[in-house]
Each structure stands twice: as structure tokens, then as C-alpha cells.
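Chemist: So that we are looking at the same thing, I have put the structure below in C-alpha cells.
The values are calculated or read from the model by the stated rules, or taken from the named source; none is laboratory data. Every value quoted in this text rests on a predicted model; they were computed, and no experiment measured them. Neighbour counts run over all protein chains shown; Cβ positions are idealised from the backbone, glycine included.
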Amino acid sequence: MLCAVAAGFVAAACDDGTGGGAAPVDAAPYVNTRDRNVIELEDVPRPPPSPTDDAEPPPADTDALRFIDGTLPPPSDAGATPDGQSPDADEPRPDAERPPRPDAEAPPPRPDAAVPPPPDDDCEAALQAATFTFEAGPDGFTHEISDGVDAPGWPLDPWEHGRASSGPGACAEGQRCWATDLDDNLTQCQRAALVSPPIDLGACAGRRIVLVFEHWYAFWLGADLFEEYFDGGTVELSTDDRTWEIAAPGDYPGVIHPQPSLGFGYECIDPFSFHVDGAPGFVGESGGWETARMALGADAAGRFRLRFAFATGVSAETTDPFESQALSPPGWYIDHVRFEAR
């Protein structure tokens with residue numbers, strides 16, 4: 001079957017070998033410009049005109065799209081309703097993207113969502129480094145007898161790290177904290193200190209440093225005919241590990257004054273040498289876990305140590321430390337020590 005190209009449209013004509021149809025049209029030879037060969041195309045008859053050939057041509061100035069037979073496509077009414085009206089513009093299309101329902105389940109948080117942002121300056125980094133939660137261990141804190149007294153067989157230093165079961169019954173945050181005794185009461189005539197590792201807040205120089213910690217305490221208090229006595233604890237600061245000063249002396253509820261003796265042999269060793277005697281401190285009871293905030297001043301904007309020192313006097317007529325525990329309150333519990341710079 002042979003096909004020819006007609007002007008203005010494409011049509012196929014077939015030669016049945018009879019020579020019928022319209023007069024043949026001479027075709028121009030095809031010239032191959034590459035190798036200059038000339039190919040003579042065979043004469044083919046022109047097909048008879050179709051009924052649409054007499055149709056009026058479209059206006060010259062129209063941009064309407066017409067099919068090859070000259071007909072126009074139907075009007076675009078993809079969004080029309082059955083009655084030919086356009087749908088309401090405010091009505092969402094069925095396939096339109098819908099907003100999530102208000103009660104839809106929120107996507108799970110990213111794995112790194114709980115990671116805190118990095119500190120924005122050197123002071124903030126120093127504050128983060130000086131944060132002690134005691135969950136992974138003692139966090140570098142140690143403890144010792146606070147005033148050099150030697151009493152073999154008597155528990156002068158009861159500080160412990162771990163889970164609390166006495167006193168408040170649990171630590172303030174997490175599972176572990178420090179306490180004068182995690183599972184029992186104080187013993188009379190004790191005197192010891194919980195000492196921090198070296199803390200360096202030199203990057204915060206020029207800013208006011210505030211010590212913040214959670215604590216729970218219950219200390220013995222009593223009186224005789226002449227004086228009132230208060231067991232208790234205080235916070236001290238040292239920049240040289242030799243000289244200790246009371247930190248924020250105006251931020252305590254009372255003054256520590258242990259009872260040194262009940263007479264008749266019931267007295268503490270070195271009864272008048274309590275390291276914290278006369279110092280402002282935490283006395284009586286806190287009534288629950290509370291947050292202590294203590295302004296440390298310019299000495300804390302550098303390298304220093306803290307220590308939480310306490311003392312108990314004679315509170316019962318006994319020389320047995322375990323019997324005295326049954327007659328004493330639980331003591332001092334400390335958790336989550338940190339600092340703020342203002």
C-alpha cells in the first residue's frame with residue numbers, strides 16, 4: 001500500500017491497480033542532501049474529497065482547538081454539575097487534600113527531640129558541667145568527719161549515697177541521692193561533711209552565682225533550764241580547700257547549737273568543739289522536700305568546693321549509738337545540686 005501527504009491534512013489512499021480515481025499528481029523528487037542521491041517518488045492518485053472539505057475554514061483570528069475533521073471539542077465542564085452549573089467554589093473537591101482531624105494522633109517525636117540544645121556560651125557550659133543529679137553515682141562527692149574528732153566505734157560520719165527508704169522515703173528526683181543515713185535515723189554526737197568535687201565557674205565571672213539544691217531535713221531540737229539546743233546543717237564554701245566560710249549566711253532559718261552533754265557521763269567527745277556550733281543553718285524540720293536557693297557572691301565565679309556540714313549533740317541518756325537512733329529524727333537528705341548565673 002502506498003501513502004502520500006496531502007496539503008492541510010493527512011489521508012491514506014490505496015492503489016487497487018485499476019487506475020481509477022482523480023488524476024495523478026506529479027510529486028517533486030526527494031533530494032538527499034547528504035549523498036546527493038535523487039529519489040523519484042511514485043505518482044499516486046489523490047483521494048476523492050471528503051464531505052468536510054466544503055466546510056468553512058475556521059476564522060483566521062480564532063485560537064479554538066479543532067479536531068482534524070474541523071469539528072470543535074466539547075466545552076470544558078469537568079467541574080460542572082449534572083445540570084450544567086459550576087459547583088460552589090467553597091465546596092472542597094472530593095479528591096482535594098483534607099486537613100488532619102483535630103483528634104488525629106500526633107506523629108511520634110523525633111529520636112533526638114529530648115536532646116537539649118548545646119549551651120550558647122561558655123558560662124552556660126560551665127553551669128551544665130556543675131550539675132549533679134547523683135543518678136549515675138556519687139558524682140565526685142566525698143564525705144569526712146568535719147572537725148577532726150576521733151572516736152573509734154562511734155559512727156561520727158554517716159553520709160551515704162543511694163536509694164532513700166527512711167526520712168522522706170524516696171529521693172527528690174530519680175532514684176538516688178545523698179543522705180546522713182539512707183535507711184535509718186541519726187545518731188547523737190555525729191559531725192560530718194559531704195564535700196563536692198572542684199567546681200569551676202570562672203566563665204561566669206561578673207555574674208551573680210546562685211546555688212540551688214533539693215533537700216529534706218529533720219533535726220533534733222530541745223532545751224534545758226538555761227538554753228535551747230538545735231542540731232542542724234549548713235553549707236560552706238572554700239576556694240583553697242583549707243579555709244571554709246559559711247555560704248550565703250543570711251539564707252538559713254536558724255542557728256546551729258548542738259547540746260554537748262546531759263551530765264552523768266552522757267556527753268559527746270570534745271563536746272565544745274563542734275565545727276558548726278553557732279553557725280547559721282538548717283534547723284528543725286523542712287516539712288517535705290524543698291528547693292534551696294543561696295546567693296554565693298563573687299567567690300563562686302571561679303574555682304571552689306562546697307561542703308554540706310552537720311552536727312548532732314546529746315539527745316538521749318544512752319551510750320549506745322543504735323539506741324540513740326531510735327530516739328532521733330532522720331537527718332538530712334540532699335539531691336540535684338546545680339547553679340544559676342544571673
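Chemist: Could you list, in sequence order, the residues of segment 238-275 that are more than 20 Å from Ile145 (Cβ to Cβ) and among the polar types (S, T, N, Q)?
Modeler: Thr239, the sole residue that qualifies.
Chemist: When the residues of segment 245-275 are narrowed to those that are hydroxyl-bearing (Ser, Thr, Tyr) and surrounded by fewer than 20 Cβ atoms within 10 Å (Cβ to Cβ), which ends up nearest to the chain's Cα centre (by Cα)?
Modeler: Ser273
Chemist: Would it be correct to say that Gly281 is part of a strand (DSSP E or B), assigned by TED's automatic domain parsing to the domain that holds Ala193, closer than 21 Å to Pro321 by Cα and touching a residue at least 12 places away in the same chain (Cβ under 8 Å)?
Modeler: The answer is no for Gly281.
Chemist: Answer yes if at least one residue in segment 288-302 is more than 36 Å from the chain's Cα centre (by Cα) and either closer than 22 Å to Phe339 by Cα or surrounded by 13 or more Cβ atoms within 10 Å (Cβ to Cβ) (or both), and no otherwise.
Modeler: So far as segment 288-302 goes, no, none of its residues is more than 36 Å from the chain's Cα centre (by Cα) and either closer than 22 Å to Phe339 by Cα or surrounded by 13 or more Cβ atoms within 10 Å (Cβ to Cβ) (or both).
Chemist: Here is a follow-up. Spot the failing condition for Arg338; the list is (1) within 33 Å of the chain's Cα centre (by Cα); (2) without any contact (Cβ under 8 Å) to a residue 24 or more places away in the chain, and only one is missed.
Modeler: Condition not satisfied by Arg338: (2).
Chemist: So which residues in segment 122-139 are over 18 Å from the mean Cα position of the chain (by Cα) and loosely packed, with under 15 Cβ neighbours inside 10 Å, if there are any at all?
Modeler: Passing the criteria: Asp122, Ala136, Gly137.
Chemist: Shifting gears a bit: Within segment 151-174, can one find any residue that is in the same structural domain as Ile199 (by TED's automatic domain parsing), small (Gly, Ala, Ser) and at pLDDT below 95?
Modeler: Checked segment 151-174: at least one residue is in the same structural domain as Ile199 (by TED's automatic domain parsing), small (Gly, Ala, Ser) and at pLDDT below 95.
Chemist: Would you list the strands (runs of 3 or more DSSP E) that sit entirely within segment 216-274 and hold 2 or more residues that are touching an Asp or Glu at 6+ places or on another chain (Cβ under 9 Å)?
Modeler: Passing ranges, in order: 221-223, 232-238, 261-263.
Chemist: While we're on this one: Given the structure, is Thr142 within 27 Å of Asp270 (Cα to Cα), surrounded by fewer than 17 Cβ atoms within 10 Å (Cβ to Cβ) and modelled with pLDDT of 95 or more?
Modeler: For Thr142, the condition - within 27 Å of Asp270 (Cα to Cα), surrounded by fewer than 17 Cβ atoms within 10 Å (Cβ to Cβ) and modelled with pLDDT of 95 or more - is met.
Chemist: When Leu306 is evaluated against the numbered criteria (1) more than 24 Å from Trp216 (Cβ to Cβ); (2) part of a strand (DSSP E or B), which criterion, by number, is the only one it fails?
Modeler: Checking Leu306 against (1) more than 24 Å from Trp216 (Cβ to Cβ); (2) part of a strand (DSSP E or B), the one that fails is (1).
Chemist: Among residues belonging to segment 276-287 that are surrounded by 16 or more Cβ atoms within 10 Å (Cβ to Cβ) and touching a His at 6+ places or on another chain (Cβ under 8 Å), point out the one that is nearest to Ser166 (Cα to Cα).
Modeler: It comes out as Ser286.
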